[in-house]
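The next block holds one structure in the form of structure tokens; read it before the comments.
Bear in mind these aren't lab numbers, they're just calculated from the coordinates by the rules spelled out. What you see is a predicted model; the values in this text were computed from it and never measured. Every residue, glycine as well, gets a Cβ built from its backbone with ideal geometry; the counts of neighbours run over all protein chains shown.
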Amino acid sequence: MNRVLIIVAGLLLPTMGWAAGDAHTFPDDKIEIDWSDKAAMQRGARTFVNYCLSCHAASYSRFNRVGADLGIPDDMVRENLIFTTDINGEKTKVGELMKTTMTPEYAEQAFGTVPPDLSLIARSRGVNWLYNYLRGFYIDDTRVGLGVNNGVFKNVGMPHVLAELQGLQQPKYKTVTDSHGNESEVIVDFEIIKPGLMTESEYDQTIHDLVAFLDYLAEPYKQTRKNVGTGVLIFLFVFLILAYFLKKEYWKDVH
Ligand code: HEC
């Protein structure tokens, strides 16, 4: 009996730790990514090249590959997704990798850390975390230079680069007491105090689409893999029926 209890406790412990760690992050929303919604990913790609690629690379992907996967012709890619130039000042070609123009040395100086490559970020952080992170910047005057903090990434070194769209928000706190009687302040809500160009729901949609794009970037084969998987299952099912009738046929004279 004791052993069973220990095993059950062992199984539950990690989930409890996770839940406790999560309680102090806000926002804590969940999203679903629709992998067939290419239009959302196209919009996300556009936001990405406009607002993220200046600091973060996505250097496992090529512009034209993204275009082909998302149904954007090369000339549209050239016009709408490429704003960078190479060392000779010529516009980056569609066949090139999605690199940033910022050097690591400059980034280190400006932000104290080099912005990570975002190719695989949707896999390492998960889409929900990204959705909350990009909606979680709030005013914090104690952060010298940046002026913002983040509800899910405390003391983050990234500026709120989407502030012109979202506006600036202020947190609302609640005091919570943990099981040891320690009190702490946690963020339970945000309130926009300086509106941006978008309404809250427009901004949420923009971030949803951006995260959909990042999810695609991290696993460009996911859609193909799913289709292949469905095909294989259908094949197995048809094969099962055939095998069943074959068996009947073979055994029908045996008594
Ligand atoms: C002005 C430069 C800059 C821009 C533009 C920028 N970021 Fe960042 N970003 C940073 C820096 C610097 C960090 C590292 C923060 C740290 O580790 O404290 C970071 C960190 C991140 C992280 C966390 C990575 C991790 O897991 O540690 C994500 C996700 C992210 N950025 C996404 C984005 C997205 C999406 C955009 C476009 C909307 C964007 N960033 C635009 C500078 C930038």
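Remarks
- Derived scalar couplings between HN and Hα for region 90-103 equal 8, 4, 3, 7, 5, x, 8, 6, 7, 9, 9, 8, 6, 7 Hz in order, rounded to whole Hz, by the Karplus curve 6.51 cos²θ - 1.76 cosθ + 1.60 (θ = phi - 60°), x for Gly and Pro.
- Annotation note: trypsin sites (Lys or Arg not before Pro) in region 139-217 located in DSSP loop regions with a Cβ neighbour count of at most 11 within 10 Å are LYS154.
- Vicinal HN-Hα couplings computed from phi for region 75-87 (Karplus, 6.51 cos²θ - 1.76 cosθ + 1.60; Hz; Gly/Pro x): 5, 5, 4, 4, 6, 9, 10, 10, 10, 9, 10, 8, 5
- THR84 long-range amide H proximity, modeled H, under 5 Å: THR92
- In region 189-255, trypsin sites (Lys or Arg not before Pro) in a DSSP loop with at most 15 other beta-carbon atoms within 10 Å: LYS252
- Considering only alpha-carbon pairs that sit under 8 angstrom and 6 or more positions apart, the relative contact order computed for the chain is 23 percent.
- Using R0 = 25 Å, the C-beta based FRET efficiency linking SER179 and THR113 works out to 0.10.
- Over 28 Å (Cα to Cα) - which of LYS154/LYS194; LYS30/LYS172; LYS38/LYS194; LYS93/LYS154; LYS30/LYS194; LYS93/LYS222 fall in this group: LYS38/LYS194; LYS93/LYS154
- 5 angstrom amide H check on PHE26, placed H, neighbours 5+ away: VAL152
- Sparse-neighbourhood loop sites, chymotrypsin sites (Phe, Trp or Tyr not before Pro) in region 152-229 - DSSP loop, at most 11 other Cβ within 10 angstrom: TYR221
- A straight chain from LEU236 to TYR250 at 0.36 nm per residue would run longer than the Cα-Cα distance by 3.0 nm.
- Rounded to whole Å, sorted largest first: equivalent-ellipsoid semi-axes of the chain, Cα gyration tensor: 41, 33, 17
- Near the amide H of GLY167, within less than 5 Å, lie the amide hydrogens of GLY196, LEU197, all on another chain or at least 5 residues away, with H placed in the peptide plane.
- Packing-based ranking, highest mean first, of 108-117, 229-238 given that Cβ atoms within 10 Å are counted: 108-117, 229-238
- In sequence order, region 223-230 has phi-based couplings of 5, 4, 4, 5, 5, 4, x, 4 Hz under the Karplus curve 6.51 cos²θ - 1.76 cosθ + 1.60, θ = phi - 60°, and Gly or Pro positions carry x.
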